[in-house]
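Below is one structure; the comments refer to it alone.
The values are calculated or read from the model by the stated rules, or taken from the named source; none is laboratory data. Quick caveat: nothing in here was measured; it's all calculated off a predicted structure. Virtual Cβ from ideal backbone geometry, glycine too; neighbours counted across all protein chains shown. Accessible surface is based on the protein model in full, side chains and every heavy atom, while ligands, DNA and RNA are left aside. Shrake-Rupley method; radii C 1.70, N 1.55, O 1.52, S 1.80 Å.
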Amino acid sequence: MKKLLGTVPDMTGLAELFKVLADETRARIVYLLSKEELCVCDIATILGTTVSNVSHHLRVLRTSHLVRFRRDGKQVYYTLDDDHVIHIIREGFDHVNHTTRTDR
């Protein structure tokens, strides 16, 4: 135990990341963007929600550096910020599927 004293790094950023991903709509958006680049209206259609709702969640994801965007005329397309985000989602799914299978 003594060797662990003072070794725990600041977890503030990690906790904030998990708070952002704890919202089901944002998690669903990140999942979709792990598959392909999409515009706001396509995300809204796929999720069966409003463009305004998706835009709100994308703003939170952008602020957290999980997604980035590019403009093509009037359209704005979103994609994941980097491969780390894809790995987080895949590892999360693997963990959920693993615990679901072993709980039976």
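Can you work out the FRET efficiency for the pair Arg71 and Lys35, with r the C-beta to C-beta distance and R0 = 22 Å, to the nearest 0.05?
Taking R0 as 22 Å, the efficiency between Arg71 and Lys35 is 0.55.
Cross-link partners among aspartates and glutamates for Lys74, C-alpha distance below 17 Å, same-chain residues fewer than 8 apart left out? Lys74 reaches Glu37, Asp42. Computing FRET efficiency as 1/(1 + (r/R0)^6) for Phe93 and Val8, where r is the C-beta to C-beta distance and R0 is 30 Å, gives about 0.65. Here the chain is treated as a sphere whose radius is the Kirkwood value from Cα pairs; by Stokes-Einstein at 37 °C and 0.692 mPa s it diffuses with a coefficient of 215 µm²/s. Only protein heavy atoms count here; on that basis, with a 1.4 Å probe, Asp83 has an accessible area of about 100 Å².
Within the straight-line cut-off of under 20 Å between alpha carbons, the aspartates and glutamates reachable from Lys19 are Asp10, Asp81, Asp82, Asp83, Glu91, Asp94, sequence neighbours fewer than 8 places apart in one chain being disregarded.
May I ask you to derive the relative contact order of the range 37-83, considering only C-alpha pairs under 8 Å and at least 6 residues apart, and to give it as an integer percent?
Details: 48 pairs, mean separation 18.8, N = 47.
Over the range 37-83, the number comes to 40 percent.
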